[in-house]
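First up is the structure itself, then whatever we jot down about it.
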Amino acid sequence: MKKLILILIAFTLFGCEKYELESPPRLTGGKWIFTDYEVTVISAISPVTIVKNDTICINSFNNQSFISGGVLMKQNYQQTASDRRFVKGKTTWEFDSNNKELYCDYLQGPWSVKPEPFWVNMSLYNQTLQINNYTNGSVTNYTYRANDIGYPKNLTLVSPPITSDLYLSNGTRDKAVTVRVTLYFSR
């Protein structure tokens, strides 16, 4: 009996340990709808006022016009790739193949042809999401946050710094503003 008790004590002292690696959140399994964004000014040569509307692009503000002592800078939505342009409540993203492919604004229907996907590299350790657009050769690196592991309902992406140059009347350019855009998605 004493031997049996000693064996049971030995098993309880040296029990099995379960070891699991943390996995990235599964972004697949439903469409992500772009809900809102924030623009954070990192640096600027003059005071900057951000005028929000329902559209944002992850590129520089290159359309500029001089108005009453200031400069109005806009983005060109039509010339921006679909993986870098967003409209509140309308832009949808869908991830496939275990977070490896991204389809932007793809509405599946009986006659719709599935477009070429954007390729995604996702890292859990530094929480980065890299989108490769092989059509135009661009790569966009985001930092991501999801509300939970497994099947998240909210996704937040933070863009790399976006620098916009100010083109002066004498032909020179000056770094006008550097911003970072935070994008919010939900499903």
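The values are calculated or read from the model by the stated rules, or taken from the named source; none is laboratory data. Please read these numbers as outputs of a predicted model, since none were measured by experiment. Here the Cβ positions follow ideal geometry from the backbone for every residue, glycine too, while neighbour counts run over all protein chains shown.
As a summary of the residue check, Tyr106 satisfies the conditions (1) modelled with pLDDT under 90; (2) surrounded by fewer than 13 Cβ atoms within 10 Å (Cβ to Cβ); (3) part of a loop (DSSP other than H, G, I, E, B) except for the one numbered (2). Applying the set (1) under 20 Å from Thr49 (Cβ atoms); (2) at pLDDT 90 or above to Glu94 leaves exactly one unmet item: (1). Exactly one residue among Val113, Val48 is in a loop (DSSP other than H, G, I, E, B), over 22 Å from Arg187 (Cα atoms) and without any contact (Cβ under 8 Å) to a residue 24 or more places away in the chain, and that residue is Val113. Against the conditions (1) under 29 Å from Gln64 (Cα atoms); (2) part of a loop (DSSP other than H, G, I, E, B), Tyr151 satisfies every one except (1). Restricting attention to segment 54-90, the residues that are in contact with a Cys (Cβ under 7 Å, 6 or more places away or on another chain), part of a loop (DSSP other than H, G, I, E, B) and either hydroxyl-bearing (Ser, Thr, Tyr) or in contact (Cβ under 8 Å) with a residue 24 or more places away in the chain (or both) add up to 2.
Here's the yes/no breakdown for (1) among the aromatic types (Phe, Trp, Tyr); (2) buried (at least 16 other Cβ atoms within 10 Å of the Cβ); (3) in contact with a helix residue (DSSP H, G or I) (Cβ under 8 Å, 6 or more places away or on another chain); (4) within 22 Å of Leu155 (Cβ to Cβ):
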position	(1), (2), (3), (4)
Tyr37	yes, yes, no, yes
Ser43	no, no, no, no
Ile58	no, yes, yes, yes
Phe61	yes, yes, no, no
Phe66	yes, no, no, no
Val71	no, yes, no, no
Gln78	no, no, no, no
Arg84	no, yes, no, yes
Gly89	no, no, no, yes
